[in-house]
1. Provide a single number: the residues in the range 170-180 that are outside any strand (DSSP E or B) and either touching an Asp or Glu at 6+ places or on another chain (Cβ under 6 Å) or buried (at least 22 other Cβ atoms within 10 Å of the Cβ) (or both).
2. Consider only pairs whose beta carbons are under 8 Å apart and that are at least six residues apart or on different chains; among these, list those whose first residue lies in the range 20-41 and is within 12 Å of the ligand (Cβ to nearest atom) and whose second residue is in a strand (DSSP E or B) and polar (S, T, N, Q).
3. Would you check if there is a residue in the range 199-217 being under 20 Å from Pro37 (Cα atoms), among the small types (Gly, Ala, Ser), surrounded by 19 or more Cβ atoms within 10 Å (Cβ to Cβ) and within 11 Å of the ligand (Cβ to nearest atom)?
4. Considering only residues of the range 148-163 that are more than 17 Å from the chain's Cα centre (by Cα) and among the β-branched types (Val, Ile, Thr), which is least open to solvent (accessible area, probe 1.4 Å)?
5. Go through (1) modelled with pLDDT of 95 or more; (2) part of a loop (DSSP other than H, G, I, E, B); (3) more than 13 Å from the ligand (Cβ to nearest atom); (4) more than 22 Å from Pro37 (Cα to Cα) for Glu228 and report which single condition fails.
6. When you scan the range 154-163, do you find a residue that is touching a strand residue (DSSP E or B) at 6+ places or on another chain (Cβ under 6 Å), aromatic (Phe, Trp, Tyr) and within 12 Å of the ligand (Cβ to nearest atom), even just one?
7. I'm told Ala183 meets every condition in (1) among the aliphatic types (A, V, I, L, M); (2) part of a loop (DSSP other than H, G, I, E, B); (3) in contact with an Asp or Glu (Cβ under 6 Å, 6 or more places away or on another chain) except one. Can you identify the failing condition by its number?
8. Considering every residue within the range 45-52, establish whether at least one is farther than 21 Å from Ala183 by Cα, in a strand (DSSP E or B) and either within 16 Å of the chain's Cα centre (by Cα) or acidic (Asp, Glu) (or both).
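The values are calculated or read from the model by the stated rules, or taken from the named source; none is laboratory data. No experiment lies behind these values; they were computed from the predicted model shown. Please note: Cβ atoms are built from the backbone with ideal geometry, for glycine as well, and neighbour counts cover all protein chains shown. Protein only, heavy atoms only, side chains kept; ligands, DNA and RNA dropped before computing areas. Shrake-Rupley method; radii C 1.70, N 1.55, O 1.52, S 1.80 Å.
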Amino acid sequence: MEVIVTEDVGVAAADALAPALRPGGVVGLATGSSPLPVYRELIRRHRAGRVDFTGVRAFLLDEYLGLPEGHPQSYRSVIRREFTDHVGLSDVRGPDGDTADADRAAARYEAEIEAAGGIDVQLLGIGTDGHIGFNEPTSSLRSRTRVKTLTAQTRSDNARFFEAPDTVPHHVLTQGLGTIGEARRVVLVASGSAKAAAVAAAVEGPLSAFCPASVLQWHPEATVILDEAAAGRLRLLDYYRSVQDHKPT
Ligand code: F6R
């Protein structure tokens, strides 16, 4: 894994996404707070004429089950509001959380990703429990898009987006760890000390379904972009800095 520690997570991650921002390029987008600086930076570059989203296709990582598509907290609404509407990216797909047949919706979503030729660059956040997408601890390391039940910790972490904690859905449709692992490049962003333990487990801990993000240790093109606080519990922090400072030419 490449570990980048920076005070501008948004700029570093926008640079990492750039190769997929071309006609026919396929990006994987995350929701939640972590990617917001990345989206702000991409909107800024778009307004400055530095990046063009014409012909780019996007796939979301996950979706709450049971929220109608127009619900303000459905991830398909969130991504339009926070990012894609601002850059003219209209080909945005997500798992269909508003369905009576979630298994079928999951299989259809896998087929859509495959038909698009797979994901060029997948942007990821990380949960305080080590999840990526909504692959909670003990998720199969080879899982595909499917229904998952959120942990109490994740529902509590995400309660800030909902009117009341008990209105956070219990279930989601999420790309599996196997699905995410097929993206040609993965870029995980994390900010703040609340993520430091999960980041350390993902980067330096054993490969384990108990920390689902640790599966990225298998990925040949995984970049982890952190602010100082999120990097705060990495044992080899000095080494990552020296790698950053002395890139081979
Ligand atoms: C969201 C997603 C989740 C979040 C994670 C961190 O689409 O897949 O894995 O990235 O829960 O959430 P934030 O960034 O809000 O701390």
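1. Taking the range 170-180 as the starting set, the residues that turn out to be outside any strand (DSSP E or B) are 170, 175-180.
Those left that are additionally either touching an Asp or Glu at 6+ places or on another chain (Cβ under 6 Å) or buried (at least 22 other Cβ atoms within 10 Å of the Cβ) (or both): 175-177, 179-180.
Final tally of qualifying residues: 5.
2. Gly28/Gln122
3. Going residue by residue through the range 199-217, those that are under 20 Å from Pro37 (Cα atoms) are 199.
Adding the requirement that they be among the small types (Gly, Ala, Ser) leaves none.
Taking every residue of the range 199-217 in turn, none turns out to be under 20 Å from Pro37 (Cα atoms), among the small types (Gly, Ala, Ser), surrounded by 19 or more Cβ atoms within 10 Å (Cβ to Cβ) and within 11 Å of the ligand (Cβ to nearest atom).
4. Within the range 148-163, the match that is least open to solvent (accessible area, probe 1.4 Å) is Thr151.
5. (4)
6. We begin by selecting, within the range 154-163, every residue touching a strand residue (DSSP E or B) at 6+ places or on another chain (Cβ under 6 Å); these are none.
No, the conditions are met nowhere in the range 154-163.
7. Failing condition for Ala183: (3).
8. As a first pass, look at the range 45-52 and keep what is farther than 21 Å from Ala183 by Cα: 45-52.
If we keep only those that are in a strand (DSSP E or B) too, we end up with none.
Looking for residues that are farther than 21 Å from Ala183 by Cα, in a strand (DSSP E or B) and either within 16 Å of the chain's Cα centre (by Cα) or acidic (Asp, Glu) (or both), one finds none in the range 45-52, hence no.
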